[in-house]
1. For the chain, with a Gaussian network of springs between Cα atoms less than 10 Å apart, report the residue from Leu92, Leu267, Leu225 with the top mean-square fluctuation.
2. Simple spin-label model, 7 Å along Cα-to-Cβ: Asp94 to Ala38 in nm?
3. Show me 54-60, 182-188 ranked by packing, highest mean number of other Cβ atoms within 10 Å first.
4. Counting Lys and Arg as +1 and Asp and Glu as -1, what is the net charge of the other residues whose Cβ lies under 12 Å from the Cβ of Arg122?
5. Find, to one decimal place in angstroms, the Kirkwood hydrodynamic radius of segment 68-208, where the mean of 1/r is taken over every pair of different Cα atoms and then inverted.
6. Among the lysines, which fall within straight-line cross-link reach of Lys296, defined as a Cα-Cα distance under 26 Å, with same-chain neighbours fewer than 8 residues apart omitted?
7. If the only charges are +1 at each Lys and Arg Cβ and -1 at each Asp and Glu Cβ, what is the size of the charge dipole of the chain around the Cα centre, to the nearest 20 debye?
8. Please list the equivalent ellipsoid semi-axes of segment 28-138, computed as the square roots of five times the alpha-carbon gyration tensor eigenvalues, in descending order and whole angstrom.
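The values are calculated or read from the model by the stated rules, or taken from the named source; none is laboratory data. Everything numeric in this text was worked out from a predicted model, so none of it was measured. All Cβ positions, glycine included, derive from the backbone under ideal geometry; neighbour counts span all protein chains shown. In case anyone asks, the SASA skips ligands and DNA or RNA and just uses the protein heavy atoms, side chains included. Shrake-Rupley method; radii C 1.70, N 1.55, O 1.52, S 1.80 Å.
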Amino acid sequence: MQQSSGPAVPPALRRRVPKVADLAPLMQFKRPEFGNAARLRRANTIWDLRDLAKRRTPTAPFDYTDGAAEAEISLGRARDAFLDLEFRPGILRDVRTVSTVTPVLGRDSALPFGIAPTGFTRMMQSEGEYAGSQAAAAAGIPYTLSTMGTASIEDVAQAAPDGRNWFQLYLWTDRDRSMELIGRAAAAGNDTLMVTVDTAVAGARLRDVRNGMTIPPALTLKTVLDASYRPAWWFDFLTREPLSFASLSRYSGTVADLINSMFDPTLTFDDLDWLRGVWKGKLVVKGIQTLDDARKAVDHGADGIVLSNHGGRQLDRAPVPLHLLPRVAAELKGRTDIILDTGIMSGGDIVAALALGADFTLIGRAYLYGLMAGGRAGVDRTIEILGTQTARTLQLLGVNRIGDLTPDHVRLLGGAPDSADRSGSALPL
């Protein structure tokens, strides 16, 4: 009796000697790319840009950007809040085209985010505010210059004449100095004044203390050794205009000493009334951390509020802006523009904030990582990454435009107040 040899082997699985013609299509080696431009192209996330920035930037300025106050709990919680959520997509929608255009403070932004105010920016990379403002103008998004900036109001306006430039203000004890800055911002064409209200005194930024960081950076044995493998940063720093606070007189000392000697710890909502009276453009209050303060800011004339804990750089264990957002939006949506920052590291984070009720978002560290990674080209890459991620997230959610996002597209998971699903059901199909 003949024994069966088993099933026949399909022709595609039979062993054979490969033919040269079959190998040729596989032998297409790409020419290796070197240099920072190639590294920026290979960066696919903001975290990739952060890694590149860390390799190119001395420890003190990198840690000034990357760090936060005390145990850095506020920053960690803010980022975790974006991780600890669930998207709820709708399927079978036509999403061949999507629009990321977003109205904010009376004008459209090409993307639902702008660049937040950051101090000492030319310390991170010598192009500083010039790179940020020009990249923002090219992308059609707002750029905010800080009072603690290292380029002047006038120089930023000249560098990005077609950009939408905003100015961030710290109210000083010396009101005449504040009025001078307000007048300069208006004369330079800034349409929005953003007053920061969460900095009565400096937060305890322990990385800066440990690094002995001063403005400008001091050449010590430690910094010289640090420079030995980051020569490009030091070459740019030493061969370009010395670092100074362009909106202030020259100052030499620690950041905390500057803040504590200059800023006014006696501010009240009466000062907001005064500011509303002297500034004729849009007024935004940055540093809102409770619903009650959000209400008061709007009652005192704010055209917009920024839910922010200063990137975790002031009060550690401060409220998480994303957790506060749904309650503020439920009461104040439509009465004021609700803007959110702190913890944003992806386009998905931006979309989640918009779905939960934000009208707009701001990026700070994400922009600075790009700046440190590659100057103007790095900021362009930051905006490109976030814009691409935002558009793709909208498509995967089944949404064609920002205005179609609703709270039903996102569910906050554990750890957030009032995080229970209000609808009790999935997104309707």
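1. Leu92
2. 4.4
3. Per-residue mean Cβ counts within 10 Å order the peptides as 54-60, 182-188.
4. Result for the neighbourhood of Arg122: -4.
5. Hydrodynamic radius (Kirkwood, Cα only) of segment 68-208 equals 17.5 Å.
6. Output for Lys296: Lys280, Lys282, Lys286, Lys333.
7. With Lys and Arg at +1 and Asp and Glu at -1, about 2020 debye.
8. Those come to 28, 23, 20 Å.
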